[in-house]
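One structure below.
The values are calculated or read from the model by the stated rules, or taken from the named source; none is laboratory data. As the structure is a computational prediction, the values presented were derived from the model and not from experiment. Quick reminder, even Gly has a Cβ in these numbers, built from the backbone with ideal geometry, and neighbours come from all protein chains shown. Surface areas here come from the heavy atoms of the whole protein model, side chains and all, with no ligands, DNA or RNA. Shrake-Rupley method; radii C 1.70, N 1.55, O 1.52, S 1.80 Å.
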Amino acid sequence: MQDLQQLKQQALNEIRNANSTSTVEQIRIKFLGRKSGLVTKIIQTLPSLSVDQKKRLGPLANQVKHNINQALNNKIIALKSPDHQTGEFFDTTLPGIRPEIGHLHPITLVSREVEEIFKSMGFQVHEGNELTDLHYNFLALNFPKDHPAMDSYDTFFIENKEKDIKLENKRVMRAHTSNMQVKIMESKKPPLRVIVPGRCFRNESTDASHEHTFYQCEGFIVDEKISVANLIYTLKEFLKAYFKKDEVKVRLRPGYFPFVEPGFELDFECMICGGKGCPVCKQTGWVELIPCGMIQQNVFKSAGYPKNKYTGFAFGMGLTRLAMMKYGITDIRLFMSGDLRFNNQF
Ligand code: FA5
């Protein structure tokens, strides 16, 4: 028993002084090695002892073995800890290092905000097809075949492998979210209140305010007695909520889009200068924002609705433009630059 106590003390001293994991391993072999460990050898003599001796020595031997093992393991953990490796004191009370997390893109932030406002007014949010065809992008929207108005949309055509493909089936990347108007109307009966936020594509040369890929948010209401007054009220309520103002002044100018009659450009009084004139409104006091109008009856016809039963309004605002105004971004190309100095600000 005395030998065991001495061996334990010796082992613990050696473990305390060890300064590498290989030394600790050598100590383990010296005391607890399977064949010739000093403690192991004593344990191996146990079977030859009397029952009385076994009763006294057995538990002590196990206890010593356990203590040495625990000390060896603790030493290994201590030697592997960063504290030991750098030799520096580790202050566990210091606040942690905040891990880098991703950011929502400003377009996503604006899109979600716009969706929430329209949802609170009873609108449904639909996603749309980015790959569409000439039928939904133009023809079903009352663009006459080969009409020059289609040219202004600088559409990206997808190569069609089929021979003799009909004009209306030619595949294109959608040039505006209006491509979803007839598609949604075909599958739903009025009353309808829908918005379609999404990506659009135009084969345009880019500058500070034009991109080949940008975001719009289409919206339309269809019912039996929808008027221009409903259109103005809805868009004013949206602008008040988006710019967090009690009142906004808007004006309608005539605008031409084959799928609305009458068609308008809705401007609102510049929030930055209060209508006095500043660089944002190009000194006019007004910001051009939302093309809109009353839905043409031919669009309802394309959707298979009965003649002259329904009326409705539609609008298509530039989400990218809304984001630029909200965050004071002066160059649209920053949105898709992938520059983290830009993205990390949101
Ligand atoms: C349209 O696209 C119509 N579909 C809008 C509409 C819908 C009218 C429903 C009536 C009823 P327009 O081509 O003007 O219209 O585009 C609408 C908005 O999209 C513009 O006001 C602008 O904010 C944005 N936009 C258009 N082209 C680009 C571009 N290349 N880069 C960035 N934003 C653009």
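Selection of helices (runs of 4 or more DSSP H) fully inside region 44-149 by the criterion of at least 3 residues being open to solvent by 40 Å² or more (accessible area, probe 1.4 Å) returns 51-80, 82-86, 106-120. The residues of region 155-192 that are small (Gly, Ala, Ser) and either within 14 Å of the ligand (Cβ to nearest atom) or in a loop (DSSP other than H, G, I, E, B) (or both), listed by number, are 175, 178. Only one of the listed residues (240, 245) is more than 15 Å from the ligand (Cβ to nearest atom), in contact (Cβ under 8 Å) with a residue 24 or more places away in the chain and among the basic types (Lys, Arg). That residue is 245.
Hey, can you tell me all the residues within region 271-293 that are away from the ligand (no atom under 11 Å from the Cβ), hydrophobic (A, V, I, L, M, F, W, C) and either at pLDDT 95 or above or over 32 Å from the mean Cα position of the chain (by Cα) (or both)? Listed by number, the residues that qualify are 273, 278, 286. Answer yes or no: is there a residue in region 260-270 that is away from the ligand (no atom under 16 Å from the Cβ), in contact (Cβ under 8 Å) with a residue 60 or more places away in the chain, under 25 Å from residue 116 (Cα atoms) and open to solvent by less than 60 Å² (accessible area, probe 1.4 Å). No, there is no match, as no residue in region 260-270 is away from the ligand (no atom under 16 Å from the Cβ), in contact (Cβ under 8 Å) with a residue 60 or more places away in the chain, under 25 Å from residue 116 (Cα atoms) and open to solvent by less than 60 Å² (accessible area, probe 1.4 Å). Take the conditions (1) within 14 Å of the ligand (Cβ to nearest atom); (2) under 20 Å from residue 120 (Cβ atoms); (3) among the aromatic types (Phe, Trp, Tyr); residue 257 misses just one of them, which is (2). For region 193-206, the candidate set comprises residues that are within 25 Å of residue 117 (Cα to Cα) and open to solvent by less than 70 Å² (accessible area, probe 1.4 Å); within that set, the residue that is nearest to the ligand (Cβ to nearest atom) is 200.
For region 134-154, the count of residues that are under 29 Å from residue 345 (Cα atoms) and either within 16 Å of the ligand (Cβ to nearest atom) or under 36 Å from the mean Cα position of the chain (by Cα) (or both) is zero. Candidates are the residues of region 296-326 that are within 26 Å of residue 114 (Cβ to Cβ) and open to solvent by 60 Å² or more (accessible area, probe 1.4 Å); the one that is farthest from the ligand (Cβ to nearest atom) is 326.
Search region 207-229 for residues being touching a residue at least 40 places away in the same chain (Cβ under 8 Å) and away from the ligand (no atom under 14 Å from the Cβ), and hand back the single one that is surrounded by the fewest Cβ atoms within 10 Å (Cβ to Cβ). Checked region 207-229; the qualifying residue surrounded by the fewest Cβ atoms within 10 Å (Cβ to Cβ) is 225.
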